[in-house]
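Enquirer: Let me begin by handing over the structure; questions about it come next.
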Amino acid sequence: MTRPRVLVVVAGTATEIGKTWVGGRTLEHLGARGVAVAARKPAQSFDPEDPAPTDAEVLGAASGEDPSTVCPAHRCYEVALAPPMAADVLGRPAPMVDDLIDELRWPDPAVDLGWLETVGGPRSPIAEDADAVVLAELVEPDVVVLVADAGLGTINAVLVSVAAFAGFGVVVVLNRFDPADDLHVRNLRWLRTREGLDVVTDAEALADSLVQRIG
């Protein structure tokens, strides 16, 4: 399998934290700088009644790829549950992690950066036998991007999630960060100074960090 020069695994501290929105904006910033990117979401689930674009549609629009390339059609589950649960509700075979990895195809020649988005939080099941942490252990990314909220509960959520990805370099994104919000600023300061984490507060800053890793 062709591997991107830099492989990024993306997780949230929880569901609906904004990781796909962050991904779309980050990929746009990278593309505007001439960085060749590709996005993949091995499995996704969604509410078919929701008019909002699916994660694969958002990421594909940002990377210039067809949504079916980002996430294969047979791995799109029309129930808003974790993919193996959604598959069960739909009466379809549950995805297994080895199958998801076998189906993972990156462009050839290799792109500068591959964005591999998981589902939910670190321990949310993406397959019958794997969560985001297990997937990361199998694909061995160059960096893990952890998307978190900036408000109440941020410090606990970030530290628990970073611990789950022990052994990987992690960049934390505080999504929806408001520099005028004292709590947001204090959370940022605590994570950077007390915990020594690499924390950014917007997609442009994340793109800056990732460009440095491409070299």
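A short reminder: the numbers here are calculations on the coordinates, not readings from a lab. Just so we're clear, the structure is a prediction, and the values are computed from it rather than from any experiment. When we count neighbours, we look across all protein chains shown, and the Cβ atoms used for this are built from the backbone with ideal geometry, even at glycine.
Enquirer: Could you work out the relative contact order of the range 1-65? I mean the mean sequence separation of Cα pairs under 8 Å and 6+ apart, divided by the number of residues, in percent.
Expert: Relative contact order, the range 1-65: 37 percent.
Enquirer: Here's a follow-up. What do you get for Rg/Rh of the range 97-215 when both radii come from the Cα atoms and Rh is the Kirkwood radius?
Expert: Rounded to two decimals, Rg/Rh equals 0.99.
Enquirer: Taking the Cα centre of the range 133-207 as origin and charging only Cβ (+1 Lys, Arg; -1 Asp, Glu), how large is the dipole, in debye to the nearest 20?
Expert: 280 debye
Enquirer: Right, something else. Per residue Cα convex hull volume for the range 82-154, in cubic angstrom?
Expert: 119 Å³
Enquirer: Give me the one-decimal nm value for the distance between modelled label points at residue 160 and residue 32, 7 Å along each residue's Cα-to-Cβ direction.
Expert: 3.5 nm
Enquirer: Further question on the same structure: For the range 34-83, state the average projected area of the convex hull of the C-alpha atoms over all orientations, rounded to one decimal in nm².
Expert: Computed as one quarter of the Cα hull surface, the answer is 3.5 nm².
Enquirer: Counting alpha carbon pairs within less than 8 Å and at least 6 residues apart, what relative contact order, in whole percent, applies to the range 54-108?
Expert: 18 percent
Enquirer: I would also like to ask the following. Please pull out the direction-averaged projected area of the chain, using the convex hull of its alpha-carbon atoms, in nm² to one decimal place.
Expert: 11.6 nm²
Enquirer: In nm, what is the difference between 0.36 nm times the number of residues separating residue 5 and residue 96 and their Cα-Cα distance?
Expert: Result: 30.1 nm gained on full extension.
Enquirer: So how long is each side of the range 1-90 along the principal axes, counting just the alpha-carbon atoms, biggest first, in Å?
Expert: Extents along the principal axes: 42, 28, 25 Å.
Enquirer: Let me have the relative contact order for the chain, percent, based on Cα pairs under 8 Å that are six or more residues apart.
Expert: Relative contact order of the chain: 28 percent.
Enquirer: Report the FRET efficiency, 1/(1 + (r/R0)^6), for residue 181 and residue 138, where r is their Cβ-Cβ distance and R0 is 35 Å, rounded to 0.05.
Expert: Between residue 181 and residue 138 the formula returns 0.40.
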